[in-house]
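Engineer: I have a structure I would like to understand better, so I am pasting it below and will then ask my questions one at a time.
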Amino acid sequence: MADKLLSRYKELRSQINFHNYRYHVLDAPIISDAEYDRLLNELKQIESARPEWITSDSPTQRAGAKLADRFEKIRHPKPILSLANAFGADDARAWFERVSKIDDRVEKTKFVVEPKIDGLSVVLHYRDGLFVQGATRGYEEVGEDITSNLKTIRAIPLRIPVEGLRLKVESQPSTLNLKPPQYLVVRGEAFIPIKEFDALNKKLEEAGEKTYLNPRNTAAGSLRQLDPVLTASRPLTLLVYQIVYSEGGEVPTSQWEILEYLKALGFPTTDIAKRFNDLESAIAYTETYNEGRDNLPYEADGMVIKIDDLNLANELGFVGKDPRGAIAYKFPAREVSTTLNDIGVAVGRTGVLTPYAMLEPVEIDGVVVERATLYNFDFIAEKDIRVGDRVLIKRAGEVIPYVIGPIVDARTGKEKSYQPPMKCPACEQAVEHFEGEVAWYCVNAACPAQLVRNIEHFVSRGAMDIVGLGIKIVEQLIAEGLVKDVADLFALKKEQLLGLEGFADKKAENLLAAIDQARGQSLNRVIIGLGIHGVGEVMAGDLSRAFGNLSALSKAGVDELQQIEGVGPNIAASLVDWFLQPANQKLLKKLKSAGVDPEGQLSVTSNQSGKLNGLTFVVTGTLEGFTRDGIKEFIESNGGKSIDSVSKKTSYLVLGENPGSKFEKAKSLGVKIINEDDLKKLVG
């Protein structure tokens, strides 16, 4: 047992030292912070049980990692240390109890809570108020000289105090000397704000260049470039939170006053730090950002709880290399890395094929995740995501987990490139991909993966309007094998419905009556109900007027279809392909046999007069004599077109009570404005 534990201990030391090198030297980690924390915690637990195994090269005895050779080394006046972690309120309370036993003053002390920004820790040196040197945190007392790169960050004052600022620290006695010390060394966190990071990636993507996985690695890599011009092109900023060392001047001895003092000198400091009289209040504040960290402008992996009295904090000393006077209260991880075992494909109602990642199970933000979205097939190709890759996964709040991209440096050569399927995984029919579109489609209307949603759409109010046929009943009908396509609805018998849970005579009779009434629905509604890709209400009306029946529409070619206003090459191709599918041809025959074969009609409620031919209408506000669907049918049944947005080509805006922004836009464009009575007069 002891040999097995020792073997695991040595393995952990080796792994953590390797990951320290990847993170601190190469700025290219291949595991997430949460995974690193788990490894380090396991190591600490073993060392706690077997302290005789601890050696000087243990990761717990280090404050950083080996430095890169490409930068000159700088010795810090004091070690730049990390903090121990708390993974919840109980851990924070345990830390408080431990340090309280060392010094009972802790029980009455105040606490300051600050954000733990996920960036790159930097150290800034000032002599006589002038910025003279800047370095990375590095390894213990030695960092890397990145002065030239840091000078490109506009948030860093090159001289302190910054002229024009009112140098006053509210809570300090008036005797405090606000002149900066002759030699001042401060610590801060350099980072890229989330909005700027997203904008940077968008710019790189548009230029056809490689995008970045996350803000932290981008910030670290940008600051450790040999060319400051490249650093200057990155949207870096920083927040300062600590005085590491000072000579020849007076500085505050409270963390809260340090933040005020730094701000007064001209340094950027956090605006969400708060001071509390007790630990529980500090924990409660921290928890608000556990839930609300999406409101922060930067990535933060936790909050830091610090003892406000810096003299007391210093006297508490260290545990290994971790100061006892503060604790990092870590948030549940939102970004982790795991293995992409395979890529699956889901089929939606409209036939869109959507790829998803099948993952080695991993916990993110308190939830075990086995699947994550891959958006579309273009995304997989652009990111060069391969089966077997180690991938970075993110989940924020209630958002569906998604793949950020592959960790290329973790590849072993066994990963396999992915090709989109040529057949639908549900029905094995050929899939379609239209030029200029991201999506791939299964155009088989009888595809079992689409069936529930297809029928739900077919019977909906905007299509065949079969009252009483909701999704729960649709699911029952499909589960019992009574319906295999939309045409089967018209063959349902009363005795079949009575066999379903929740059905009695009256309910069955009402549903069959509604289905029977739908046989006479207008042509445009039938076209809408078929769910052809790219064909909505307006397009269905145009096709109905142009062809008059389904038979003529099914025989139309691409060129003929493109003669209709609004029908481009993709929609024309989509229509032709849909009608060429054998399964869809079979469906149309079944519908015709069931009595669903409208000829030349646009509505069951009105006869087409054609008096609105060539006119387009937009409706806004609440109407007295029409429902929204009713007025659309009235317009289209008389040859007009009902559209949703106002433009210069709009013929009339039909105005009701409490109109929206369409009213103002119509006025600005000079569109004629009428009420519903005026509309009726137009058709006589």
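Engineer: It is to be established whether one or more residues within the stretch 246-266 are within 19 Å of V122 (Cβ to Cβ) and surrounded by fewer than 19 Cβ atoms within 10 Å (Cβ to Cβ).
Structural biologist: Yes: one or more hits.
Engineer: Name the strands (runs of 3 or more DSSP E) wholly within the stretch 394-494 that hold at least 1 residues that are touching a strand residue (DSSP E or B) at 6+ places or on another chain (Cβ under 8 Å) and more than 30 Å from I31 (Cβ to Cβ)?
Structural biologist: Filter on the stretch 394-494 gives 431-433, 440-442.
Engineer: Looking at the stretch 417-433, which of its residues are over 15 Å from G344 (Cβ atoms) and charged (D, E, K, R)?
Structural biologist: Scanning the stretch 417-433 gives E428, E432.
Engineer: Scan (1) surrounded by fewer than 17 Cβ atoms within 10 Å (Cβ to Cβ); (2) touching a helix residue (DSSP H, G or I) at 6+ places or on another chain (Cβ under 8 Å) for the single condition Y375 breaks and write down its number.
Structural biologist: It fails just one condition, (2).
Engineer: Additional query: Filter the stretch 555-583 for residues that are of a type in the set (V, I, T) and part of a helix (DSSP H, G or I); which is nearest to A445 (Cα to Cα)?
Structural biologist: Top of the filtered list is V576.
Engineer: Then there's this: Residues that are surrounded by fewer than 19 Cβ atoms within 10 Å (Cβ to Cβ), under 36 Å from the mean Cα position of the chain (by Cα) and at pLDDT below 85: does the stretch 613-620 have at least one?
Structural biologist: No - not one qualifying residue is present in the stretch 613-620.
Engineer: Restricted to the stretch 550-597, and to residues that are of a type in the set (S, T, N, Q) and crowded, with 17+ Cβ neighbours inside 10 Å, which residue is nearest to Q450 (Cα to Cα)?
Structural biologist: N584
Engineer: Within the set of pairs 6+ apart or on separate chains, which have a first residue in the stretch 294-308 that is over 17 Å from A284 (Cβ atoms), a second that is aromatic (F, W, Y) and at pLDDT below 90, and C-beta atoms under 6 Å apart?
Structural biologist: Once the first residue is over 17 Å from A284 (Cβ atoms) and sits in the stretch 294-308, its partners that are aromatic (F, W, Y) and at pLDDT below 90 give D301/F331.
Residue-by-condition table, conditions (1) touching a Cys at 6+ places or on another chain (Cβ under 6 Å); (2) more than 30 Å from D322 (Cβ to Cβ); (3) modelled with pLDDT of 85 or more:
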| residue | (1), (2), (3) |
| --- | --- |
| V112 | no, no, yes |
| S121 | no, no, yes |
| D128 | no, yes, yes |
| G134 | no, no, yes |
| G138 | no, no, no |
| I146 | no, no, yes |
| V162 | no, yes, no |
| V169 | no, no, no |
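Engineer: Now for a different question. What are the residues in the stretch 281-305 that are surrounded by 14 or more Cβ atoms within 10 Å (Cβ to Cβ), out of contact with any Leu (no Cβ under 9 Å at 6 or more places or on another chain) and not aliphatic (A, V, I, L, M), if any?
Structural biologist: Listed by number, the residues that qualify are S281, Y285, T286, E287, N290, R293, E299, D301, G302.
Engineer: Given the criteria in contact with a Lys or Arg (Cβ under 9 Å, 6 or more places away or on another chain), acidic (D, E) and under 20 Å from V113 (Cβ atoms), does E291 qualify?
Structural biologist: Answer is no for this residue.
Engineer: Hey, another quick one. Just a yes or no: is a residue in the stretch 41-52 at pLDDT 80 or above, assigned to a loop (DSSP other than H, G, I, E, B) and either in contact with a Ser or Thr (Cβ under 9 Å, 6 or more places away or on another chain) or over 24 Å from G134 (Cβ atoms) (or both)?
Structural biologist: Within the stretch 41-52, one or more residues are at pLDDT 80 or above, assigned to a loop (DSSP other than H, G, I, E, B) and either in contact with a Ser or Thr (Cβ under 9 Å, 6 or more places away or on another chain) or over 24 Å from G134 (Cβ atoms) (or both).
Engineer: Continuing with this model, one more query. Quick test for you: out of G541, G520, pick the one residue that is within 19 Å of R461 (Cα to Cα) and in contact with an Asp or Glu (Cβ under 6 Å, 6 or more places away or on another chain).
Structural biologist: Unique residue meeting the criteria: G541.
Engineer: Take E437 and tell me if it is over 26 Å from S522 (Cα atoms), of a type in the set (D, E, K, R), modelled with pLDDT of 80 or more and surrounded by fewer than 19 Cβ atoms within 10 Å (Cβ to Cβ).
Structural biologist: no
Engineer: Can you tell which of A410, A357 is touching a Lys or Arg at 6+ places or on another chain (Cβ under 8 Å), farther than 30 Å from E432 by Cβ, of a type in the set (G, A, S) and surrounded by 16 or more Cβ atoms within 10 Å (Cβ to Cβ)?
Structural biologist: A410
Engineer: What pairs can you find where one residue is in the stretch 347-361 and among the aromatic types (F, W, Y), the other is part of a loop (DSSP other than H, G, I, E, B), and their Cβ atoms are less than 9 Å apart, with a gap of 6+ or different chains?
Structural biologist: Y356/L374
Engineer: Do we have L451 as surrounded by 19 or more Cβ atoms within 10 Å (Cβ to Cβ), modelled with pLDDT of 90 or more, outside the structural domain of D33 (by TED's automatic domain parsing) and aliphatic (A, V, I, L, M) here?
Structural biologist: Spelling it out, it is not the case that L451 is surrounded by 19 or more Cβ atoms within 10 Å (Cβ to Cβ), modelled with pLDDT of 90 or more, outside the structural domain of D33 (by TED's automatic domain parsing) and aliphatic (A, V, I, L, M).
Engineer: If a residue has to be modelled with pLDDT under 90, surrounded by fewer than 18 Cβ atoms within 10 Å (Cβ to Cβ) and not in a loop (DSSP other than H, G, I, E, B) to count, how many in the stretch 223-245 make the cut?
Structural biologist: 4
Engineer: With respect to E315, determine if the residue is surrounded by fewer than 18 Cβ atoms within 10 Å (Cβ to Cβ) and free of Cβ contacts under 8 Å to residues at least 24 places away in the same chain.
Structural biologist: So E315 fails the test.
Engineer: Out of K641, K648, K665, which single residue is within 39 Å of the chain's Cα centre (by Cα) and either in contact (Cβ under 8 Å) with a residue 60 or more places away in the chain or in the same structural domain as L543 (by TED's automatic domain parsing) (or both)?
Structural biologist: Every option except K641 fails the conditions.
Engineer: For G351, work out the one condition from (1) out of contact with any Ser or Thr (no Cβ under 8 Å at 6 or more places or on another chain); (2) farther than 22 Å from Q450 by Cβ it doesn't fulfil.
Structural biologist: The one condition G351 does not meet is (2).
Engineer: Which count do you get for residues in the stretch 337-354 that are small (G, A, S) and under 17 Å from G388 (Cα atoms)?
Structural biologist: 2
Engineer: Where in the stretch 248-350 are there strands (runs of 3 or more DSSP E), lying wholly inside it, with at least 1 residues that are acidic (D, E)?
Structural biologist: In the stretch 248-350, 300-307, 335-347 are the strands (runs of 3 or more DSSP E) which contain 1 or more residues that are acidic (D, E).
The values are calculated or read from the model by the stated rules, or taken from the named source; none is laboratory data. These figures come from a predicted structure and were not determined experimentally. Glycine also receives a Cβ, built like all others from the backbone with ideal geometry; neighbour counts cover every protein chain displayed.
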